[in-house]
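Asks: Once you've had a glance at the structure underneath, I'll fire off some questions.
What follows draws every value from the coordinates through simple rules; no lab data is involved. All figures in this text were calculated on a predicted structure; none of them were measured in a lab. Here the Cβ positions follow ideal geometry from the backbone for every residue, glycine too, while neighbour counts run over all protein chains shown.
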Amino acid sequence: MNANRIRIEGDNRTATVVVMALEGLAREERQPTLWGREVPFRNRYFTGRDRELAELRERLAEHSVASVGQPPQPLYGMGGIGKTELAAEYAHRHSDEYDLVWWIRSEQEETIVNSLVALGRRMSLDGFRPDDRDYSARLVLSALADRRPYRRWLLIYDNVQGAKAIQNYLPSGGGHVIITTRDRHWRRAIDADGIEVGEFAPEDTVKFLYKRVTALSAPGTSRSVDAEAEARALADQLGNLPLAAEHAAAYLNETGTSIAEYLELFRANAHELLASSVDIKYPQTVATTWSVARNRISPEAHALFNLLASLSAEPIAEELLVQPTAAAGLAEPLDRVLGSVTEFRRAARELGRFSMLKLDGVRNVVQLHRVVQAVTRDRLLREDPEAAARYRDIAHILLAASDPGSVDREGSELHYQHSLQHLVPSGAVESGNPLVRRLIINQVQHLALRGGFQESLRLGRPTLDLWRERFGRDDKQTLALALQVGNALRMAGEWAQSLDMLADTLQRLRDNFGEVDPVYLSCARAHGIGLRLLGRYSDALENDQRLLPIFERELRPDHPDTLRIRNNLAVSLRCLGRFADALAYDDETLAERQRIFGPVGDPTLGSQFARARDLRGLGRYEESLDLIRQVSNTLERKDEPWNDFRLLVAIDFGVALNRVGLYEDAFEQGRKAWELHRSVLGPEHRQTLQSATNLINDYRLNEDLAGAQRLGEETVLSLEKVAGFDHPNTLIACATLAIVLRVRNNPGGARALNERAVEGLRNRLGDAHPNTLIAMHNLASDLAALGEVARARRMGETVVERCADTRGAGHPNTLAAMANLSLDRNAAGDKEGAQSLRQGVLEAYQNSLMPDHPHARQAAQYGRINLGIEPMND
């Protein structure tokens with residue numbers, strides 16, 4: 001309903017009724033608020049901060065309602081000052097103004113991505129892919145910016161280290177963002193100064209203590225002058241720091257100590273701390289309140305506290321801590337605390353009563369405040385370095401024990417999430433423990449396989465540098481990590497850098513561990529993939545031919561890894577134009593995969609996809625279309641995510657439709673595939689550009705020549721930048737654009753592009769490669785259009801001869817080349833030769849499986865046939 005279209009007549013009462021009706025409608029249409037599980041529970045002792053809350057509200061709501069985006073608002077101040085509590089209180093007070101409120105832990109980029117992916121799951125976004133973390137995070141940010149499906153939202157990024165850390169993870173408008181941080185420099189990054197959060201006003205500290213301390217707030221307790229004086233003295237000693245006040249109040253409640261006694265303890269501990277002459281990087285008052293409390297907790301709670309301080313200050317899952325098998329070899333009392341859920345919870349609750357940690361029973365996690373963790377870790381390192389090292393080693397043992405051991409194991413996702421955020425803060429990346437190192441290698445692999453390519457590299461690259469320096473470049477686990485970093489680089493599109501790393505790793509593995517070592521075999525297989533992606537198809541084929549007998553001998557012929565080598569070998573053959581040989585390998589691989597994985601298993605579908613490509617290369621277009629349609633339908637029924645494989649199937653479905661002459665259907669499918677690629681992989685991902693190259697043909701064949709030229713020029717420029725000037729796919733895009741230019745009466749421009757394509761493809765693929773011959777076929781048409789009939793005929797004769805030799809006389813491309821050659825023979829004065837060739841072509845089309853194909857009709861009408869080149873996106 002639109003209020004501007006309602007005519008209000010009569011008195012104010014009528015107008016009021018209409019307005020109320022509109023407001024009621026708005027309430028009915030509004031969705032229930034999506035409230036993040038990590039938003040802290042409302043603090044019933046929250047005190048003061050009226051000025052900060054009012055200023056925050058004014059800035060966020062300035063010139064707008066909650067649904068209109070404003071610059072992010074940083075709340076900055078030192079640790080323990082209450083920034084997190086202030087942001088949480090704002091969220092609770094204004095919750096009815098938002099459709100979505102989400103809390104994002106932001107100390108590490110990995111936890112930011114985790115939170116965004118979790119939000120995407122709850123938002124139920126179209127195309128959301130939890131297995132592709134980088135894409136999913138971008139999708140969520142885009143949906144928030146577009147205000148779909150939630151128009152009024154609030155995101156809170158807690159404990160941000162600096163503007164650079166989150167600049168790629170902020171929505172571009174659409175709602176409200178609050179940032180808590182210790183960094184005050186935000187003006188240049190987000191055009192906002194932020195709000196400084198300082199200590200409590202003295203009266204607010206006193207007010208908090210009266211709320212929080214039972215002895216002061218108990219019913220019937222009078223607010224005596226002496227009690228208030230003691231509260232003010234305590235507030236003064238605590239420096240009016242909220243975190244210190246919370247610790248002191250918890251201690252007073254738990255022990256029944258009077259404020260006067262506590263002040264004596266506080267002053268004694270503060271004097272001892274100051275006498276140590278150490279540069280303390282956290283608030284002095286927090287260190288002192290912590291020091292007072294640690295003397296009253298049990299040995300079990302104390303040991304658990306020290307252990308938690310050795311991990312990250314992020315929430316820690318109970319499953320990561322309570323591991324009876326790992327705890328069995330530990331010393332007292334941690335063997336009992338970590339070996340029993342009951343003992344663990346007893347110790348954790350004791351710490352919770354002293355406000356030394358937070359317990360979240362909903363998510364079953366515990367968490368130390370970052371300042372408390374810093375205090376504990378620093379004091380332990382200073383006072384007892386050996387104990388600090390022991391606790392750190394125990395933390396590493398727990399992390400290693402949580403490793404499922406295989407990234408493919410069902411249910412492994414949650415285990416890897418539990419340990420990821422603790423690897424760097426705990427110093428696990430520096431550990432020499434082989435089991436800890438194995439976990440880190442698996443984490444790098446796991447992140448890359450789940451689409452978190454940049455996360456994988458952020459963990460893997462610096463760790464690899466550290467390991468190379470500490471353990472040596474030829475250390476076995478260092479090389480295993482280098483393999484996974486190389487794989488992540490490839491998946492992230494950094495193909496050349498990936499190949500360099502894998503080549504170096506492969507040589508070191510061969511020299512030090514031999515060619516039957518499992519890590520060597522995995523690296524060699526990845527190296528072949530890298531060679532092929534860079535257009536080095538012959539080298540890739542040689543690599544895989546050498547590997548296949550080794551895999552068959554060391555594993556077995558039907559082992560999944562052996563079948564992957566067979567698949568890769570067929571891919572290289574296909575890229576080299578040897579489609580019949582590729583089909584033989586793919587048929588054998590398909591039969592084994594159907595037996596092992598069933599008719600709709602992912603590996604089986606991969607082999608069916610490969611077979612459809614082989615059939616298309618052999619000119620068996622209808623069979624190819626039927627098979628790729630079957631694969632596409634199966635993926636849709638399985639509701640598979642739009643991962644790289646499904647996107648490739650979307651491309652191939654469009655190409656298959658094009659090859660049988662269903663140009664309108666091909667255009668719709670091709671445009672859908674391109675838009676999906678742009679959304680999922682980004683506009684300049686190589687696979688996206690391969691999809692765009694196919695779409696150029698679809699635009700042309702649907703008579704949108706301007707659109708075809710525009711897309712063609714953009715695609716060539718992008719491929720030159722990301723793939724290289726002479727990569728086969730760059731040259732194919734040039735040849736595809738050339739057809740458009742000629743059809744638009746620019747044969748000179750077409751010739752220049754096709755000559756570049758022919759020369760480049762000859763150098764990279766050889767004179768007889770199918771793609772080289774198609775480029776020559778189209779160049780002959782350019783020459784004919786420019787009146788160079790003799791040259792056009794000579795090139796056409798060469799193309800026909802080579803096509804007949806390599807692809808067969810009845811292949812559709814051979815027939816197209818013959819049809820064009822008959823036109824050039826006729827133009828050159830060879831009427832008899834032209835007529836004879838033309839007659840043979842028309843008969844061949846009539847006897848083919850597609851007598852009504854558009855190419856057959858063009859040949860019959862003396863038309864010149866243009867051939868598109870399919871990018872090599874294997």
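Asks: For the chain, what is the percent of antiparallel DSSP beta bridges, rounded to the nearest 5?
Replies: Numbers: 5 of 24 bridges.
The antiparallel fraction comes to roughly 20 percent.
Asks: Let me ask another. Please rank Arg802, Arg51, Arg349, Arg611, fewest neighbouring Cβ atoms within 10 Å first, as an exposure proxy.
Replies: In increasing order of surrounding Cβ atoms, one gets Arg51, Arg349, Arg802, Arg611.
Asks: Let me ask something additional. Between region 783-805 and region 516-571, what's the alpha-carbon centroid distance in Å?
Replies: Going from one Cα centre to the other spans 39 Å.
Asks: Right, something else. Given a cut-off of under 8 Å on Cα pairs at least six residues apart, what relative contact order in percent is computed for region 726-860?
Replies: Relative CO of region 726-860 lands at 15 percent.
Asks: Treat every Asp and Glu Cβ in region 165-215 as -1 and every Lys and Arg Cβ as +1, leave all other atoms uncharged, and give the resulting dipole magnitude about the Cα centre to the nearest 20 debye.
Replies: 160 debye
Asks: A further question follows. Output the peptides 588-596, 391-399 sorted from most to least packed, where packing is the average of other Cβ atoms within 10 Å over each peptide's residues.
Replies: 391-399, 588-596
Asks: From the residues Leu773, Gln846, Gly787, which one has its Cα farthest along the dipole of region 726-860 in the positive direction, the dipole being from +1 and -1 charges on Cβ of Lys/Arg and Asp/Glu about the Cα centre?
Replies: Gly787
Asks: With contacts defined as alpha carbon pairs under 8 Å and 6 or more residues apart, what's the relative contact order of region 637-711 in percent? All intermediate terms of the calculation are to be shown ahead of the outcome.
Replies: Details: 76 pairs, mean separation 18.2, N = 75.
Taking the mean separation of contacting Cα pairs over the length of region 637-711, I get 24 percent.
Asks: Amide H neighbours of Arg105 under 5 Å, at least 5 residues apart or on other chains, H built in the peptide plane: list them.
Replies: For Arg105, the qualifying residues are Asp158.
Asks: Using +1 at the Cβ of each Lys and Arg and -1 at the Cβ of each Asp and Glu in region 202-388, identify which of Ala348, Leu265, His302 lies farthest towards the dipole's positive end.
Replies: After comparing all options, I get Ala348.
Asks: What is the magnitude of the charge dipole of the chain about its Cα centre, with +1 placed on the Cβ of each Lys and Arg, -1 on the Cβ of each Asp and Glu, and no other charges, expressed in debye to the nearest 20?
Replies: With only Lys, Arg, Asp and Glu charged at Cβ, the dipole is about 760 debye.
Asks: Return the Rg/Rh value of region 726-860, two decimal places, where both radii are evaluated on C-alpha atoms and Rh is the Kirkwood radius. Please list the in-between numbers first.
Replies: Numbers: Rg = 14.4 Å, Rh = 14.9 Å.
Dividing the radius of gyration by the Kirkwood radius yields 0.96.
Asks: While we're on this one: Got a sec? Charge dipole of region 699-760, +1 on Cβ for Lys and Arg, -1 for Asp and Glu; which of Leu701, Asn745, Val758 is way out at the positive end?
Replies: Working it through, the farthest residue towards the positive pole turns out to be Asn745.
Asks: Can you tell me the Rg and Dmax of region 202-388, counting just the alpha carbons, in angstroms?
Replies: 17.4, 57
Asks: Would you mind ranking Tyr699, Tyr585 by Cβ crowding within 10 Å, fewest neighbours first?
Replies: The fewest-first ordering by Cβ neighbours comes to Tyr699, Tyr585.
Asks: Using a basic spin-label model with each label point 7 Å from the Cα along Cα→Cβ, how many nm lie between Arg468 and Gln835?
Replies: In this crude spin-label approximation the distance works out to 7.3 nm.
Asks: With a 10 Å Cβ neighbour count serving as the proxy for reagent exposure, in which order, fewest first, do Ser624, Ser632 appear?
Replies: Lowest to highest Cβ neighbour count: Ser632, Ser624.
Asks: Now, a different point. When 1/r is averaged over all different Cα pairs and the result inverted, which Kirkwood radius in Å belongs to region 637-711?
Replies: Here the Kirkwood hydrodynamic radius works out to 12.2 Å.
Asks: Any idea what the relative contact order of the chain is, in percent, if you count C-alpha pairs under 8 Å spaced at least 6 apart?
Replies: The value is 6 percent.
Asks: May I ask you to order 851-862, 368-379 by the average number of other C-beta atoms within 10 Å around their residues, highest value first? The partial results should precede the final answer.
Replies: Values: 851-862: 15.5, 368-379: 22.3.
Taking the mean over residues of other Cβ atoms within 10 Å, the ranking is 368-379, 851-862.
Asks: As a test of the formula, what do you get for the chain when each DSSP H run with n ≥ 4 contributes -39,500 (n - 2.57) and the sum is divided by the residue count, at 222 nm and rounded to the nearest 500 deg cm²/dmol?
Replies: Details: 42 runs with 572 residues, N = 874.
Result for the chain: -21000 deg cm²/dmol, rounded to the nearest 500.
Asks: Okay, moving on. Compute the Rg to Rh ratio over the chain from the alpha carbon atoms, using the Kirkwood formula for Rh, and round to two decimal places.
Replies: Values: Rg = 34.3 Å, Rh = 31.8 Å.
Looking at the chain, the ratio lands at 1.08.
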